[in-house]
Amino acid sequence: MTEDICMTITIYSVIFSFLWGSIFFLVLMCVRRYLLRHHAYYILIFCSLFAIFRFIFIFDININLNSNLFYQIGKGVTFLLKKFINNSVIQFNYENNWNILTQIFGLFHLFFYIWIIGIVSLIFKSLVQTIKFMKTYKEIPQSKNPTFLKILKCVKSDMNFRLDVRIIESEYVKVPFLCGFFHPTIYLNTCFHNENEIYSVIYHELTHFVKHDNWLKFFLYCINIFFWWNPMIRNISENIYDACEYRCDQIVTKNMSSIQKIDYASIINRMTGRNASTPIGVTLVTKLNSDCVYHRLNTFLYPCKIRPAIRVIITSATGLMIVLSLLSILLISQANDFFTPADASITSANSYLIQNETGSYDLYCMGELIDTNLTDLTGLSGLPIK
């Protein structure tokens with residue numbers, strides 16, 4: 001007999017998602033520089049997205065796995081939670097849970113309204129910034145600077161890039177940045193005169209477009225708007241932004257000489273600290289402190305050799321993180337299912353039995369499935385059978 005799989009939100013699942021997300025956040029904060037230093041950009045991006053997923057996945061997957069291993073794990077996790085978390089909040093007594101939820105119902109509504117107000121306010125702020133940006137630059141025509149156009153043509157040829165690219169040159173542009181999801185537009189400041197600098201900047205911005213960084217940043221922007229109250233998600237998103245910048249730096253400087261790398265580093269150092277107001281796009285330089293800039297420049301100025309053992313360690317750690325994340329989702333459902341009638345207040349008023357075709361019984365309490373395939377009804381004989 002196949003059982004339906006459904007997802008619900010419980011106090012248990014919400015707290016567990018926050019706990020696991022916090023663990024992954026702390027791990028990422030410890031290893032982010034190590035991964036960046038060893039050019040493990042894709043792994044950092046992937047693990048960061050996985051950590052964000054663990055934060056926002058607050059559901060309980062109701063699935064029944066008849067496995068003694070999961071039974072023991074589920075009971076163990078539940079025991080630890082009851083030890084370290086107030087049992088009056090995390091207890092699987094459905095009648096008491098209903099009373100608790102009834103008492104905090106008004107407070108929940110207040111938090112919900114604050115959450116929605118925050119989302120609406122951030123969306124409104126984004127729209128205002130976008131409109132302001134469009135008004136500022138819509139009157140500026142596409143650059144006809146022959147130097148820019150010649151270098152752009154050269155960059156497109158080197159990258160085998162076939163789409164049309166617009167270049168907007170304006171004194172209002174404080175740092176170079178890229179806009180557009182389907183057709184790129186590069187915004188440059190009029191201060192660039194050196195051809196090598198212009199080449200590096202255009203190459204950097206088009207690399208963002210080729211790697212679909214604008215799409216990734218837009219996705220993270222939406223997630224951060226929806227979960228504006230969680231600073232850890234914002235910090236994890238910063239990991240991804242940094243990984244995108246480091247990755248572009250590596251691609252741009254891959255075939256550069258030492259002198260050219262120093263010139264490229266001087267561009268980043270010169271642009272750092274400028275307060276750029278840009279729409280949802282990717283900039284050459286994000287708002288970084290001096291220590292972060294120093295680490296970023298050292299990554300391509302003094303690249304370290306990546307030994308095979310390091311690759312194995314990084315890959316293994318990534319796999320372990322994924323397994324733990326999937327297991328954490330599974331443990332929610334398993335720990336939720338492994339409760340005998342002794343764990344809940346079973347009365348004839350709130351509980352009943354349903355007889356199966358095999359002659360066994362399923363026990364329900366407050367409309368929730370408590371146990372399945374019962375054959376011994378000792379202590380449950382007074383319950384109604386449906």
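The values are calculated or read from the model by the stated rules, or taken from the named source; none is laboratory data. What you see is a predicted model; the values in this text were computed from it and never measured. Methodologically, a virtual Cβ is constructed for each residue, glycine included, from the backbone with ideal geometry; neighbour enumeration extends over all protein chains shown.
Which one of these does Val175 not meet: (1) closer than 30 Å to Phe24 by Cβ; (2) at pLDDT below 90; (3) of a type in the set (Val, Ile, Thr)?
So the condition that Val175 fails would be (1).
How many residues does region 146-166 contain that are crowded, with 16+ Cβ neighbours inside 10 Å and not aromatic (Phe, Trp, Tyr)? Can you show your working first?
As a first pass, look at region 146-166 and keep what is crowded, with 16+ Cβ neighbours inside 10 Å: 148, 151-152, 155-156, 161, 165.
When the remaining residues are screened for being not aromatic (Phe, Trp, Tyr), the result is 151-152, 155-156, 165.
The number of residues fulfilling the criteria is 5.
Of all residues in region 1-25 being in a loop (DSSP other than H, G, I, E, B) and among the aliphatic types (A, V, I, L, M), which is modelled with the lowest pLDDT? It would help to see each step written out before you state the result.
We begin by selecting, within region 1-25, every residue in a loop (DSSP other than H, G, I, E, B); these are 1-5, 9-10.
When the remaining residues are screened for being among the aliphatic types (A, V, I, L, M), the result is 1, 5, 9.
Working: Met1: 40, Ile5: 51, Ile9: 64.
Ranking the candidates gives Met1 first.
Residue-wise test of (1) of a type outside the set (Asp, Glu); (2) crowded, with 17+ Cβ neighbours inside 10 Å; (3) part of a helix (DSSP H, G or I).
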| position | (1), (2), (3) |
| --- | --- |
| His193 | yes, no, no |
| Asn196 | yes, no, yes |
| Trp215 | yes, no, yes |
| Arg234 | yes, no, yes |
| Asn239 | yes, yes, yes |
| Ala243 | yes, yes, yes |
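Assuming Tyr71 fulfils every condition listed in (1) loosely packed, with under 15 Cβ neighbours inside 10 Å; (2) at pLDDT below 65; (3) part of a helix (DSSP H, G or I); (4) not small (Gly, Ala, Ser) apart from one, which condition is it?
The one condition Tyr71 does not meet is (1).
Please name all residue pairs, on different chains or six or more residues apart, with Cβ atoms under 6 Å, provided the first residue is in region 15-37 and is assigned by TED's automatic domain parsing to the domain that holds Leu320 and more than 22 Å from Val293 (Cα to Cα) and the second residue is crowded, with 16+ Cβ neighbours inside 10 Å and among the charged types (D, E, K, R).
Short answer, once both residue conditions are applied: Trp20/Arg54; Gly21/Arg54; Phe24/Arg54.
Scan region 263-312 residue by residue and report those that are acidic (Asp, Glu) and modelled with pLDDT under 80. First the steps, then the outcome.
Step one: filter region 263-312 for residues acidic (Asp, Glu), giving 263, 291.
Asp291, the sole residue that qualifies.
Pairs only if they're at least six apart or on different chains, beta carbon under 9 angstrom, first in region 257-280 and farther than 30 Å from Ser126 by Cα, second modelled with pLDDT of 85 or more and assigned to a loop (DSSP other than H, G, I, E, B); list them, first residue then second.
Between residues of region 257-280 that are farther than 30 Å from Ser126 by Cα and residues that are modelled with pLDDT of 85 or more and assigned to a loop (DSSP other than H, G, I, E, B), the close pairs are Asp263/Met256; Tyr264/Met256.
Looking at region 157-187, which of its residues are in a helix (DSSP H, G or I) and either touching a residue at least 24 places away in the same chain (Cβ under 8 Å) or not assigned by TED's automatic domain parsing to the domain that holds Ile267 (or both)? Working first, answer last.
In the first step, residues of region 157-187 are kept if they are in a helix (DSSP H, G or I); the result is 157-159.
Within region 157-187, Asp158, Met159 meet the criteria.
Report whether or not Ile186 is of a type in the set (A, V, I, L, M) and either buried (at least 22 other Cβ atoms within 10 Å of the Cβ) or under 30 Å from the mean Cα position of the chain (by Cα) (or both). Steps first, answer last, please.
Details: of a type in the set (A, V, I, L, M): yes; either buried (at least 22 other Cβ atoms within 10 Å of the Cβ) or under 30 Å from the mean Cα position of the chain (by Cα) (or both): yes.
Yes: the conditions hold for Ile186.
Need pairs with beta-carbon distance below 9 Å; first residue β-branched (Val, Ile, Thr) and surrounded by 13 or more Cβ atoms within 10 Å (Cβ to Cβ) and within region 123-141, second in a helix (DSSP H, G or I) and modelled with pLDDT of 85 or more; sequence gap 6+ or separate chains.
As it stands, the answer is Ile123/Ile225, since those pairs meet every condition given.
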